[in-house]
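The values are calculated or read from the model by the stated rules, or taken from the named source; none is laboratory data. In this text, all values refer to a predicted model and were calculated from it rather than measured experimentally. Because the Cβ atoms are built from the backbone with ideal geometry, glycine has one as well, and the counts that use them run over all protein chains shown. Just the protein is used for accessible areas: all its heavy atoms, side chains included, with ligands, DNA and RNA removed. Shrake-Rupley method; radii C 1.70, N 1.55, O 1.52, S 1.80 Å.
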Amino acid sequence: MGKYLPPKPHQTQKRIRNLIIYTILAIIFIWAFKGVWDRADWSVFNNLAEKFQRVIPSLFSPDWNQLDKVWEKIVETVFIAYAGTLIAAILAVPFGFWAAKNMVKSPIWNTLGKWFLILDRTFPELILAIFFVITVGPGAFAGVLTIGLTAFGMLGKLYAEVIESIDMKVVEAMEANGANKMQILFYAIFPQVLPEFLSFALYRFEIDIRASTILGLVGAGGIGTLIVLSAANRNWEQLGLILLGIIVVVSVIDFASTKIRKRLV
Amino acid sequence: MTEKNKNQKSKSNVHSLYPRKLKLQITWIFIIVLLFYFYSLYETGADFVTLIVDFDKIINALFNKMLPPNWEYISVAIDPLIETIQIAVVATTFSVLICIPASLMAANTIVKNKFIYQTTRTILNILRTIPDILLATIFVSLFGIGIISGILALTIFSLGLLAKLLSETIETIDPRQLEAIRASGGNIIQVIWYGVVPQVLPQFISYGLYVFELNVRASLVLGFVGAGGIGTIIDTELNFLRYQNVMAILIVLLVAVIIIETISNMLRRRVV
């Protein structure tokens, strides 16, 4: 026996672990599907063809007379997303530094910053929107604040990751040359991180346009109100126009933002 | 960036690190961004001054209206929460199943046919631009009020996202392994099963968990348009201005979201 292969470690243990994981997964799936099966109202499939005939053709023949109204709301949605994202993009810079491991000496203070951003990210948009509508009243401003606060959590985390990945040698070199904190910030750190900061902010802007469409549900401005209204009034032609408008606007902005981001990084 | 410009103008003996043209360009972009910002603040009726001046009043108003939460209402909120999670599980399962063929067709390492590749990409891109609320509204108008509309809306919504993430991962895998299997006579199924699956499985599981989290959050929106889930009772309580009940629901929801995210983060760390 020249060579022998060591026995694969923990084989049985691994098998048992996998078995337990699969069982738990199976239980979750059975529980979910059974629950949905019991809750679902299967009678919706009875006169489906008729409903499709009523809705689908008018959905694809948009009512161009409503263009002004729909366009105004879409523009408002874009403005909410823009103002909110910009607030978040600026506000997230100090918090990004706070949550970056290589910028904060005390680990406790640093973890605190990380947790703060995690806490902010757990709030779904709609919950924050409800808070803001109750406090500052219904309107687009509540929407701006909501988008600002939700985007801020994610951007802060992404910024922190960017800052953690910079080349610290530049910082050290400047420190050795006697540069003060501001000079280090402006000449060593910002040139390294700004393109990526901007790129992430643009990416978040794309997300926020979609996110700000739902704000109208609770009265925080944007196209959401119009979507719900036109569905309630069974105005499918108008809903079709909204659908078309959103697809066009979002595609154009996504395209432009992708182009800019490619140039930035 | 502009602060830097100011610094350098005042101390003209200091050489600038950046060329003049670039600085001008950046200043212009900065000005345009700011102008657009102020215009959008004007357009949205933003009023930060009042917000800061009356901050204590606003916070008081919030606390008076929403606190204390109506703890008894939590027992009512549990069942819709379970419904929400079940909807999210089922919708995620469906979208994971559908996204596998969709993302294989949208990856240029697998499909060499330009036409199929471009068509699938375009369809997925269009799908991704439609916000969840609009999908939910359309499905509710087609299938009527109930969780079936919600599941369908979430499935389509997460399909676009999941297929994009997965197809991009498939495009970045090591093509030599696929080549080797093809060269030794493997058919397309064998290429996918032995070449693609082992390389993308960890990311795939991670994306699936991520989409599940998103779906739990998105199913909050569904209830507002009548597609089931916990949003339904939030909508009702909001309309009756019973903010203390709303607060109770929000607390339940937040706890559920935190638990789900913690578990999913733990699983993701093990997998990737």
- [ ] Quote the Stokes-Einstein diffusion coefficient, in whole µm² s⁻¹, for the protein assembly as shown, based on the Kirkwood radius over alpha carbon pairs, a temperature of 10 °C and a viscosity of 1.306 mPa s.
- [x] 61
Open item on the list: For a quick check, take a GNM of chain A with Cα springs below 10 Å and name the residue from A:156, A:35, A:224 with the largest mean-square fluctuation.
Closed with: A:35
Task: Karplus 3J(HN,Hα) series, Hz, for the stretch A:131-138 with 6.51 cos²θ - 1.76 cosθ + 1.60 (x for Gly, Pro) - done: 4, 6, 5, 5, 7, 9, x, x
Task: At R0 = 45 Å, FRET efficiency that the Cβ-Cβ distance of residue B:244 and residue B:269 yields, to 0.05 - done: 0.75
Open item on the list: Using a probe radius of 1.4 Å on heavy atoms only, what accessible surface per residue do you get for the stretch B:137-203? Whole Å² is fine.
Closed with: 45
TODO: Search the structure for amide H atoms under 5 Å from the amide H of residue A:221, placed 1.01 Å from N in the peptide plane, and list their residues when 5 or more places away or on another chain.
DONE: A:139
TODO: Please work out the average accessible area per residue across chain A, using the 1.4 Å probe convention, and give it in Å².
DONE: 55
Task: Residue (of A:188, A:27, B:37) at the positive-pole extreme of the protein assembly as shown, dipole from beta-carbon charges - done: A:188
TODO: Please list, in chain and number order, the residues 5+ apart from residue A:165 or on another chain whose amide H is under 5 Å from its amide H, with Hs placed from the backbone.
DONE: none
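Give the calculated FRET efficiency between residue B:115 and residue A:48 to the nearest 0.05, with a Förster radius of 22 Å applied to their Cβ-Cβ distance.
Working from the Cβ atoms, E equals 0.10.
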Open item on the list: With n ≥ 4 as the cut-off for DSSP H runs, can you work out [θ] at 222 nm for chain B, using -39500 (n - 2.57) per run divided by the number of residues, rounded to the nearest 500?
Closed with: -26000 deg cm²/dmol
TODO: Treat every Asp and Glu Cβ in the stretch B:15-66 as -1 and every Lys and Arg Cβ as +1, leave all other atoms uncharged, and give the resulting dipole magnitude about the Cα centre to the nearest 20 debye.
DONE: 400
TODO: Starting from the coordinates of the alpha-carbon atoms of the stretch B:15-66, obtain the Kirkwood hydrodynamic radius over all distinct pairs and give the value in Å to one decimal.
DONE: 14.4
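What average number of partner chain Cβ atoms lie no more than 10 Å from the Cβ of the residues making up B:82-91?
That average works out to 4.
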TODO: Could you please state, rounded to a whole Å, how far the C-alpha centre of the stretch B:121-152 is from the C-alpha centre of the stretch A:203-227?
DONE: 16
- [ ] Quick one: work out Rg over Rh on the C-alpha atoms of the stretch A:81-152, Rh as Kirkwood radius.
- [x] 1.07
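With a Förster radius of 60 Å, plug the Cβ-Cβ distance of residue B:197 and residue B:53 into 1/(1 + (r/R0)^6) and report the FRET value to the nearest 0.05. Don't jump to the answer; show the numbers that get you there.
Working: r = 60 Å, r/R0 = 0.99.
Between residue B:197 and residue B:53 the formula returns 0.50.
What do you reckon, how do B:182, A:15 stack up by accessible area (1.4 Å probe), largest on top?
A:15, B:182
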Open item on the list: Explain nothing, just the number: dipole magnitude of the stretch A:1-153 about its Cα centre with +1 on each Lys and Arg Cβ and -1 on each Asp and Glu Cβ, in debye rounded to the nearest 20.
Closed with: 1360
Task: Portion, in percent, of the accessible area of the stretch B:15-66 that falls on carbon or sulfur, probe 1.4 Å - done: 72
Open item on the list: Give me log10 I(q)/I(0) at q = 0.10, 0.12, 0.19 Å⁻¹ for the stretch B:75-271, Debye formula, one equal scatterer per alpha-carbon, no solvent.
Closed with: -0.49, -0.66, -1.23
TODO: Have a look at the stretch A:201-220 and report residues whose accessible surface goes down by 20 Å² or more when the remaining protein chains are included, against the chain on its own, probe 1.4 Å, ligands and DNA/RNA excluded.
DONE: A:210, A:213, A:214, A:217, A:218
Open item on the list: If you roll a 1.4 angstrom probe over the protein chains with everything in place, what fraction of the accessible area of chain A belongs to carbon and sulfur, to the nearest %?
Closed with: 67
Open item on the list: Given a 1.4 Å probe and heavy atoms of the protein chains only, how would you sort B:165, B:159, largest accessible area at the top?
Closed with: B:165, B:159
TODO: Provide the per residue accessible area, probe 1.4 Å, for the stretch B:15-66, rounded to a whole number of square angstrom.
DONE: 80
Task: Space enclosed by the convex hull of the alpha-carbon atoms of chain A, per residue, Å³ - done: 280
Task: For A:26-32, mean number of other protein chain Cβ atoms within 10 Å - done: 3
Open item on the list: Explain nothing, just the number: dipole magnitude of the stretch A:63-264 about its Cα centre with +1 on each Lys and Arg Cβ and -1 on each Asp and Glu Cβ, in debye rounded to the nearest 20.
Closed with: 340
Task: Potential lengthening between residue B:188 and residue B:25 on full extension [0.36 nm per residue; Cα-Cα distance subtracted] - done: 53.6 nm
Task: Residues in the stretch B:213-252 occluded by at least 50 Å² - accessible area, probe radius 1.4 Å, against chain by itself - done: B:217, B:224, B:250
Open item on the list: Amide H of residue B:228 versus every other amide H placed in the peptide plane: which residues, excluding those fewer than 5 positions away on the same chain, fall under 5 Å?
Closed with: B:146
Task: Residue-wise HN-Hα coupling along the stretch A:175-183, computed from phi with Karplus coefficients 6.51, -1.76, 1.60 (Hz; x: Gly, Pro) - done: 4, 5, 7, x, 6, 8, 4, 5, 5
Task: Solvent-accessible area buried by B and A, counting both chains, probe 1.4 angstrom, square angstrom - done: 5800
Open item on the list: Only helices at least 27 Å long along their own axis, judged from Cα atoms, and with Kyte-Doolittle mean hydropathy of 0.5 or greater: name those in chain B from DSSP H.
Closed with: B:20-43, B:74-105, B:147-171, B:197-224, B:243-271
